[in-house]
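The values are calculated or read from the model by the stated rules, or taken from the named source; none is laboratory data. Predicted model only: the values in this text are computed from it and were never measured. When we count neighbours, we look across all protein chains shown, and the Cβ atoms used for this are built from the backbone with ideal geometry, even at glycine.
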Amino acid sequence: MDMRAHVPPDEEAIERNKEVEPEGERIRAELVDWLTRNKIVSVMLDTAEHRVSVDIVKLPPRTKSVLGIWGSIRVRDDRL
């Protein structure tokens, strides 16, 4: 995926869409919260039923690997 083509979400449109697709917007909010709380930079993972891929638009200065077997998860490394 070309990250230069990333378009940030329109927060006002998301807010309006809560009336039309409340379950989808709840899932979106929970996922964004989970990614932020866990400092997720990237995920490549296969489960029994899913293939998951998550990428960050701009890499932070430091990252670290927290999973390297049967998948890959990288998080922000805030150590100085």
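How many of the residues making up the stretch 40-64 are within 26 Å of Pro8 (Cα to Cα) and assigned to a strand (DSSP E or B)?
Number satisfying all stated conditions: 13.
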*Would you mind telling me which numbered condition in (1) modelled with pLDDT of 95 or more; (2) closer than 28 Å to Lys64 by Cβ; (3) of a type outside the set (D, E, K, R) Asn17 fails?*
(2)
*Select from the stretch 63-80 the residues that are on the phi < 0 side of the Ramachandran plot, exposed (fewer than 12 other Cβ atoms within 10 Å of the Cβ) and not aliphatic (A, V, I, L, M) and write down the one among them that is farthest from the chain's Cα centre (by Cα).*
Arg79
*asked:* Checking the structure you have, find out if any residue of the stretch 36-47 is loosely packed, with under 11 Cβ neighbours inside 10 Å, within 11 Å of the chain's Cα centre (by Cα) and within 21 Å of Arg74 (Cα to Cα).
replied: yes
